[in-house]
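Have a look at the structure below before the remarks.
The values are calculated or read from the model by the stated rules, or taken from the named source; none is laboratory data. Given the structure is predicted, the values throughout are model-derived calculations rather than measurements. Here the Cβ positions follow ideal geometry from the backbone for every residue, glycine too, while neighbour counts run over all protein chains shown. Only protein heavy atoms, including side chains, enter the accessible area calculation; ligands, DNA and RNA are left aside. Shrake-Rupley method; radii C 1.70, N 1.55, O 1.52, S 1.80 Å.
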Amino acid sequence: MEKIKSPARTLPMANIVLVVILLGLVLDHAQGLIAPVLVAIVLGLVLAPFVDFLERFRVPSAAAALLILATFFVLAGALFFVVEPTVTHAIRNGPLIWSEMRTFVEGLRGAVADVQEIQDTVNEALSDGAEAGPEAETTAVPIPNLLDALSYGPAVLGGIMIFIGTLYFFLTTRRDVYARVCRFVPQLSESLLIRAEARVSRYFLAISTINAGFGVAVMLVMSVLGMPQPIMWGFAAFLLNFVLYLGPGLITVALLLVGIVTFDGPMVVAPVAAFIGLNLVESQFVTPTFVGRHMALNPLMVFLSLVFWLWLWGPIGGLVAIPLVVWVRFVMMDGKDDTVPTPIDPA
């Protein structure tokens with residue numbers, strides 16, 4: 001007799017799909033609230049071992065969290081003030097670069113003029129010969145003014161306050177949060193969650209160190225090649241290298257465009273070729289050496305995570321995608337690879 005599939009077996013899978021769809025809708029519509037909370041928790045996972053390090057010297061958890069929080073914002077502010085003049089100068093030169101790009105594109109159009117003429121001939125042959133009507137009136141695009149900019153102020157300020165508050169209270173009460181989570185999910189343990197946050201912190205610190213060296217190398221090479229604003233290129237390489245695959249791709253396209261409007265002849269491709277070479281050395285030799293292939297993530301999972309979070313939240317999603325993959329991978333494996341030492345330990 002043919003076995004009849006029980007509907008109870010397909011019910012859990014249907015529930016999982018429904019939960020995933022509902023979760024995606026909630027994350028999309030509640031981005032203003034959930035995005036700063038999730039970013040703060042991810043950053044808290046990275047900074048948590050530093051709080052534990054200070055607590056070993058009998059520093060209260062609240063004071064340790066405040067100290068770590070203040071240090072983070074001081075370093076972020078210092079980095080902003082160092083990079084701000086270079087970024088401002090690049091923005092001011094944006095119209096000049098755009099003008100040169102238009103000149104280059106017009107030159108390409110002239111080179112393919114014959115192809116354009118053929119296309120026009122085909123279009124005339126396929127048209128019905130009717131004269132075109134009056135041109136459609138163009139709608140003026142409103143230019144944002146100061147009041148429009150100020151209208152975003154409360155939302156931005158609210159997001160910053162949510163981020164700071166979540167980060168501080170997560171650093172001070174995360175052990176209690178872990179204990180409560182373990183009560184609802186018996187498969188988890190507090191020690192496993194603590195080891196998972198340590199793994200995320202080690203991974204992020206190792207990648208940050210590698211990206212910092214990579215950014216310095218890009219800055220030096222661009223300076224030798226005579227590229228404008230080499231500090232900006234190094235800083236961009238440092239930041240965008242956190243977004244695997246997509247970040248280096250954006251830098252490659254940008255270097256190619258700027259090389260076209262800056263140099264002539266073979267030097268046009270010199271900046272992008274140098275960047276691709278540095279990126280290959282970093283991804284194939286430096287990262288496996290310092291991070292270890294035992295921490296290598298599945299490329300498909302990394303790519304799908306990046307695509308999902310970038311589609312959902314844009315650049316903010318790109319920041320949380322990789323740490324979340326590292327955390328989920330470690331928890332799903334029940335910490336089986338935790339015995340393998342890692343090169344960077346904040347403690």
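Key figures
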| read-out | value |
| --- | --- |
| Spin-label model distance (nm) - ALA14 vs ARG183, 7 Å beyond Cα toward Cβ | 3.4 |
| Ranked packing of 225-238, 263-276, most packed first, by mean Cβ within 10 Å | 225-238, 263-276 |
| Phi-based couplings in Hz for the stretch 64-79 (Karplus 6.51, -1.76, 1.60; Gly and Pro marked x) | 5, 5, 4, 5, 5, 5, 5, 4, 4, 6, 5, 5, 5, x, 5, 5 |
| Carbon plus sulfur fraction of accessible area for the stretch 174-318, probe 1.4 Å, in percent | 75 |
| Karplus (6.51, -1.76, 1.60) ³J(HN,Hα), θ = phi - 60°, over the stretch 326-331, in Hz, Gly and Pro reported as x | 4, 5, 5, 4, 5, 5 |
| Extension gain (nm, one decimal) between VAL307 and MET267, 0.36 nm per residue minus Cα-Cα | 11.0 nm |
| Protection proxy ranking, peptides 281-289, 72-80, average beta carbon neighbours within 10 Å, highest first | 281-289, 72-80 |
| Difference of contour (0.36 nm per residue) and Cα-Cα distance, ARG92 to THR173 | 24.6 nm |
| Two-site FRET efficiency, GLU190 against LEU239, from Cβ-Cβ distance with R₀ of 25 Å, rounded to 0.05 | 0.15 |
| Residues whose placed amide H lies under 5 Å from that of ASN241, excluding near-sequence neighbours | none |
| J(HN,Hα) series, the stretch 163-174, from Karplus relation 6.51 cos²θ - 1.76 cosθ + 1.60, nearest Hz, glycine and proline x | 4, 5, x, 5, 4, 5, 6, 5, 5, 8, 10, 5 |
